[in-house]
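To start, the structure itself, in structure tokens.
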Amino acid sequence: MPPPPLPSARNPMIDTMAKISLVVGVVWLLYALCQVAVLALLPDGALQGLFARVGITPPALWQWCLDHMLALSLLSALLALLFSASAWGLQQRREWARLSFVAFLVVTGLANFASLPLMWHFFGAMHQMLPKALLHSADGAQLLAQLQSGRMISMATAAVTSLVFAALHGWIVYQLYRPAIRAEFRS
């Protein structure tokens, strides 16, 4: 009778990636739950009141985020829980976890690029929120120049970061689809 086949060697890259991702997911989940707790303890309209006290009307997108902050925090907690489950399943070499981890990588990579126009809009909104009297003063001109250079530096940094993470995520997806690594996963 032949001896049973030896178990296939586990790729240490997958173990390391799964452990790091699990830590990131748990920290993200704890942060999101703390955010939910703080928002639940704040009186209604407390954050909107901060804008009103300083005489600033937030742009429409900011207002929408303020109005739905609790729901957005709960969504963040749910995504963190799903990501943590995916990382745990990746460690256990489950096929569903490999596929969901790939989905998280692809969606995150796309979201990085989708955030670039939002960042551009953020700086435009900052410009619109400045008092009109300030814009026509010497200090206002200096502030506008700083805001514009900050916008360009932030956009360049965010674009390069998005490209680097897209390349990294693409490489990880490629690794997760290699036949030797796919063979480690089971349904």
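The values are calculated or read from the model by the stated rules, or taken from the named source; none is laboratory data. Given the structure is predicted, the values throughout are model-derived calculations rather than measurements. Because the Cβ atoms are built from the backbone with ideal geometry, glycine has one as well, and the counts that use them run over all protein chains shown.
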Practice task
Could you check GLN92 against (1) loosely packed, with under 12 Cβ neighbours inside 10 Å; (2) over 16 Å from the mean Cα position of the chain (by Cα); (3) farther than 24 Å from ILE172 by Cβ and say which number it fails?
Solution key: (3)
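Residues that are in a helix (DSSP H, G or I) and among the basic types (Lys, Arg): does the range 174-181 have at least one?
Taking the range 174-181 first, the residues in a helix (DSSP H, G or I) are 174-176, 179-181.
Those still in the list that are among the basic types (Lys, Arg) too: none.
No, because not a single residue in the range 174-181 is in a helix (DSSP H, G or I) and among the basic types (Lys, Arg).
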Practice task
Name, by its number, the condition in (1) polar (S, T, N, Q); (2) touching a residue at least 40 places away in the same chain (Cβ under 8 Å); (3) more than 26 Å from VAL164 (Cβ to Cβ) that does not hold for GLN92.
Solution key: (2)
Exercise for the section: Under 9 Å between Cβ atoms, at least 6 apart or on separate chains: pull out the pairs that start in the range 134-152 with a residue that is more than 23 Å from PRO117 (Cβ to Cβ) and in the same structural domain as MET119 (by TED's automatic domain parsing) and end on any residue that is small (Gly, Ala, Ser) and in a helix (DSSP H, G or I). Expected result: LEU134/GLY140; LEU135/ALA141; GLY140/ALA133
Exercise for the section: Sort out for me the helices (runs of 4 or more DSSP H) sitting completely within the range 1-84 that have 2 or more residues that are in contact (Cβ under 8 Å) with a residue 40 or more places away in the chain and under 30 Å from TYR174 (Cβ atoms). Expected result: 12-41
Completion exercise
If you go through ALA125, ALA133, ALA114, ALA145, the only one that is at pLDDT 90 or above and at negative phi is ALA114
Handout entry: In the range 133-173, the residues that are in a loop (DSSP other than H, G, I, E, B) and surrounded by 11 or more Cβ atoms within 10 Å (Cβ to Cβ)
Key = SER137
Exercise for the section: Only residues in the range 107-122 that are in contact (Cβ under 8 Å) with a residue 60 or more places away in the chain count as the first member; pair them with residues that are loosely packed, with under 13 Cβ neighbours inside 10 Å and part of a helix (DSSP H, G or I), Cβ under 7 angstrom, at least 6 apart or cross-chain, and list the lot. Expected result: HIS121/LEU61
